[in-house]
1. What is the sum of charges, Lys and Arg at +1 and Asp and Glu at -1, for the other residues whose Cβ falls under 13 Å from the Cβ of residue 15?
2. The chain: Rg/Rh from Cα coordinates, Kirkwood Rh?
3. Can you compute the charge dipole magnitude of the chain about its Cα centre, using +1 on each Lys and Arg Cβ and -1 on each Asp and Glu Cβ, nothing else charged? Give it in debye, rounded to the nearest 20.
4. Could you tally the net charge around residue 145, taking each other residue with its Cβ under 12 Å from the Cβ of residue 145, Lys/Arg +1 and Asp/Glu -1?
5. Relative to the longest principal axis of the chain, what angle (0 to 90°, nearest 10) does the C-alpha long axis of helix 155-166 take?
6. Most mobile of 184, 63, 138 per a Gaussian network model of the chain (Cα springs, under 10 Å)?
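The numbers here are math on the coordinates, done by the rules we state, and not lab data. Everything numeric here is computed off the predicted structure, so don't read it as measured data. Cβ sites come from the backbone with ideal geometry, for glycine too, and all protein chains shown count toward neighbours.
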Amino acid sequence: MSQKPISRRQAALRHAVLILASIVMIYPLLWMVMSSFKPDNLIFSDPMALPEALNWDNYVNGWNALAVSFTTFYRNSFIIAILAVIGNVLACSLTAFAFARLEFRGRKIWFALMMGTLMLPYHVTLVPQYVLFQNLGWVNTFLPLIVPKFMAVDAFFIFLMVQFFRGIPREIDEAAVMDGCGPWRIYWRIMLPLSTPVLATAAIFSFIWTYDDFLGPLIYLNRMQDYTVPLALRAFIDSSGGESLFGQMFAMSTLSLVPVFIVFLAFQKLLIRGVAMGALKR
């Protein structure tokens with residue numbers, strides 16, 4: 001059946017609805033950016049007003065407003081995020097290769113158990129994990145935020161890669177076996193080079209989620225010199241009722257979004273391609 005063509009009035013109405021929805025969603029970001037150029041006394045007294053001038057004092061003062069420079073917070077966030085990306089890509093791809101290509105006893109049961117972990121919220125395992133890391137002496141270090149990533153704990157990435165690997169013809173594996181390749185060489189020399197889109201997708205999501213994570217660093221990092229960017233932003237708010245530096249907090253919040261935007265804009269084609277191919281392949 002042929003679809004009825006859309007009239008100009010219907011098309012204009014749809015565009016108007018989409019534009020309105022876009023404005024509603026982007027307004028908090030625009031408000032934060034505008035507030036970063038205002039003095040604290042004008043941020044909430046006249047929240048809708050545009051800044052009279054581009055006053056960069058909040059950015060200059062906010063960078064060194066805390067006891068530790070924001071350079072340290074960025075460094076900590078990047079160390080944790082980059083190592084988490086490496087761990088997730090390597091560990092999850094190895095696990096996905098085993099589920100997708102290797103035959104071993106209980107494979108379907110283990111895969112079902114792995115998928116079941118997707119339904120467990122992070123808070124369910126938080127207490128036993130904290131007790132374990134406390135006994136290991138890892139609290140107040142980056143290790144609780146990094147080491148689990150090298151143990152294939154993100155079932156979402158494993159599932160995405162399994163779906164992608166299953167779409168690669170098995171004839172390639174059979175030809176490699178005839179040439180004398182074992183499972184490790186098949187994984188390293190064949191599967192990984194053919195899986196760039198899904199690996200890039202896992203890397204991008206892993207970087208963004210780890211960089212934006214607040215709860216994990218809040219639980220395990222207690223010293224300011226170890227804070228990540230989200231924890232540092234919280235330090236601008238005085239919970240005891242004293243003076244809070246809202247203008248400087250909004251300025252640093254704006255700067256904290258820059259790495260995420262750069263990563264997303266630079267790799268968005270690979271991200272969309274990896275998600276689409278991983279979801280469609282069987």
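1. Numbers: positive: 8, 9, 14; negative: none.
Summing Lys and Arg as +1 and Asp and Glu as -1 gives +3.
2. Across the chain, the Cα-based Rg/Rh ratio is 1.06.
3. Around 1380 debye, computed over the chain.
4. Details: positive: 149; negative: 213, 226.
Charge balance near residue 145 sits at -1.
5. Roughly 40 degrees, rounded to the nearest 10.
6. Largest GNM mean-square fluctuation: 184.
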